[in-house]
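Below is one structure, written out as structure tokens; the observations come after it.
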Amino acid sequence: MAINTIERAKFVARREQIDAQRFAQTTGMNRAIQHTVLQRNNRWHPPIIQPDLAYGRSFCMMETMKAIVFKEHGGVDKLIYTDIPTPKPGPREVLVRVRACALNHLDIWVRQGMPGVRIPMPHVLGCDTAGVVEKTGQKVLIAPGISCGQCGYCKDGWDSLCDQYKIMGFQVNGGYAEFAVCPAQNIIPISDRWTFEEWAAAPLVSLTAWHMLMTRATLQAGETVLVHAAGSGVGTAAIQLAKWRGARVITTTSGAEKIAFAKSLGADEVIDYTKEDFSKVVRHLTAGKGVDVVLEHIGPETWEKSLASLAKKGRLVTCGATSGPTVTMDLRFLFVRQLSVLGCYMGGRKELNEVLKLVQAGKIKPVVDKVYPLAEAAAAQQRMLDRKNFGKIILKI
Ligand SMILES: [Zn+2]
């Protein structure tokens, strides 16, 4: 190539860079978008401006988006607010503009890392996403569980046992971002009954509570249930669900404010576990009989006393281990009293549809604790770790 041709090419490239910078500055694009424009093959093309009816302003169909990611496992300091490529939907997938994403305890486990579980990096957390389908403007939730829909487990409604089962934000990227992609069958249209933040608070914990109480423990009207941690997401859903079922609800929490919240959700009795031995109080409240069902998700901190709180033939359902993974129990107590210990993990799509009908009808109200901007996801997770929340912590995007 002749030298003057090279110089000419350099001149054109420089001029285009300057044009791009001017365009970016005059249109007020943020730095991330400017960067994308400048980096695109080192050649400048005017970005496509489209009206965004939802926001009532113009925006750029850009290749990057804001997201919270982590690139290695560890503490909340590993959560980085940055720009990453906007996900591109595949043939049977949908692009959702995220408006709200709820935190779940699973987010903490995934960030910290679990033995034998490989997470794709960099990773975007977030199981519970509410937003708008980018193409149609439809308001939707993203169902958190992804399964094949074909195998025996899926057909029997046990989606979470499917070999291909994945949870949004766990094995695949989730909703801590401006956009999320999901399979088309995971899209659930939602009404204006609740805000995006409230809708985002509902799916995972309501589904889990339904699977635990209705499917696994087969809770009956007139039975008594002990729900641990009234202020947790699953606790708030379980209290309301058990009351809807016609059961008597005893729950645990700490502090006058949270006790009042728990009662406002319908709990019949609330035990301050920091002041009283909950298993003794349960015995007292049930005239020595014990409860029919214990909803466990704490682990070693409460396990033995949870079993001790059960009536004969009682059922303990568990879906979590926030105080650690290993427990001990006296087997003689288990078999002599003929107790059942039932493991629970998410639930099926049919169960989700059932419980969301109750949410739509206002029988189960989404409980929002605090809303944070996306950039403050680390502070939001710390609030959950400090057990300060009553209800769901939400990221607003
Ligand atoms: Zn399957």
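The values are calculated or read from the model by the stated rules, or taken from the named source; none is laboratory data. If you're wondering where the values come from, they're calculated on a predicted model, not measured in any experiment. Cβ placement follows ideal geometry from the backbone for every residue including glycine, while neighbour counts extend to all protein chains displayed.
Quickly run through the range 118-163 and pick out the residues that are within 21 Å of A67 (Cβ to Cβ), of a type in the set (A, V, I, L, M) and more than 13 Å from the chain's Cα centre (by Cα).
I119, M121, V132, V133, V140, I146
Kindly establish whether C101 is in a strand (DSSP E or B), away from the ligand (no atom under 16 Å from the Cβ) and touching a Leu at 6+ places or on another chain (Cβ under 6 Å).
yes
Against the condition in contact with a helix residue (DSSP H, G or I) (Cβ under 7 Å, 6 or more places away or on another chain) and farther than 29 Å from A260 by Cα, how does G320 come out, does it pass?
no
For the range 216-237, which positions are of a type in the set (S, T, Y) and at negative phi?
T224, S232, T236, listed by residue number.
Please give the number of the condition E72 fails out of (1) modelled with pLDDT of 95 or more; (2) outside any loop (DSSP other than H, G, I, E, B).
Among (1) modelled with pLDDT of 95 or more; (2) outside any loop (DSSP other than H, G, I, E, B), the lone unmet condition for E72 is (2).
Starting from the range 381-392, take each residue that is free of Cβ contacts under 8 Å to residues at least 60 places away in the same chain and list its partners that are of a type in the set (A, V, I, L, M), counting only C-beta distances under 9 angstrom and pairs at least six apart or across chains.
Final answer for the pair search is R383/L103; R383/I393.
Please count how many residues of the range 120-159 are closer than 30 Å to I80 by Cβ and not acidic (D, E).
Within the range 120-159, residues that are closer than 30 Å to I80 by Cβ and not acidic (D, E) number 22.
Filter the range 293-308 down to the residues that are surrounded by fewer than 23 Cβ atoms within 10 Å (Cβ to Cβ) and not basic (K, R), then identify the one that is nearest to A267 (Cα to Cα).
I298
Picking from A200, A184, which residue would you name as being over 18 Å from W109 (Cβ atoms), more than 16 Å from the ligand (Cβ to nearest atom) and touching a Ser or Thr at 6+ places or on another chain (Cβ under 8 Å)?
Selected residue: A200, the only one of A200, A184 that is over 18 Å from W109 (Cβ atoms), more than 16 Å from the ligand (Cβ to nearest atom) and touching a Ser or Thr at 6+ places or on another chain (Cβ under 8 Å).
Among the numbered criteria (1) within 16 Å of the ligand (Cβ to nearest atom); (2) among the charged types (D, E, K, R); (3) in a helix (DSSP H, G or I), which single criterion is violated by D107?
That leaves (1) as the condition not met.
If a residue must be part of a loop (DSSP other than H, G, I, E, B) and of a type in the set (A, V, I, L, M), how many such residues does the range 229-245 contain?
Residues meeting the conditions: 2.
Would you check if P91 is on the phi < 0 side of the Ramachandran plot and either more than 17 Å from the chain's Cα centre (by Cα) or away from the ligand (no atom under 16 Å from the Cβ) (or both)?
Taking the combined requirement at face value, the residue satisfies it.
Out of the residues in the range 136-167 that are more than 16 Å from the ligand (Cβ to nearest atom) and in a strand (DSSP E or B), which is surrounded by the most Cβ atoms within 10 Å (Cβ to Cβ)?
Once the filter is applied, the top-ranked residue is I142.
Pairs under 7 Å by beta carbon, first residue farther than 23 Å from V132 by Cβ in the range 75-96, partner part of a loop (DSSP other than H, G, I, E, B), six or more apart or different chains?
Close Cβ pairs satisfying both conditions: K78/E72.
When you go through L358, L334, L307, L316 one by one, which is the residue that is under 17 Å from A242 (Cα atoms) and part of a helix (DSSP H, G or I)?
When all the criteria are applied, what remains is L358.
Name every residue in the range 308-354 that is more than 19 Å from T224 (Cβ to Cβ) and of a type in the set (S, T, Y), in order of residue number.
Listed by number, the residues that qualify are T322, S323, T326, T328, Y345.
Only one of these conditions is not met by Q240: (1) buried (at least 18 other Cβ atoms within 10 Å of the Cβ); (2) not assigned by TED's automatic domain parsing to the domain that holds T274. Which number is it?
(2)
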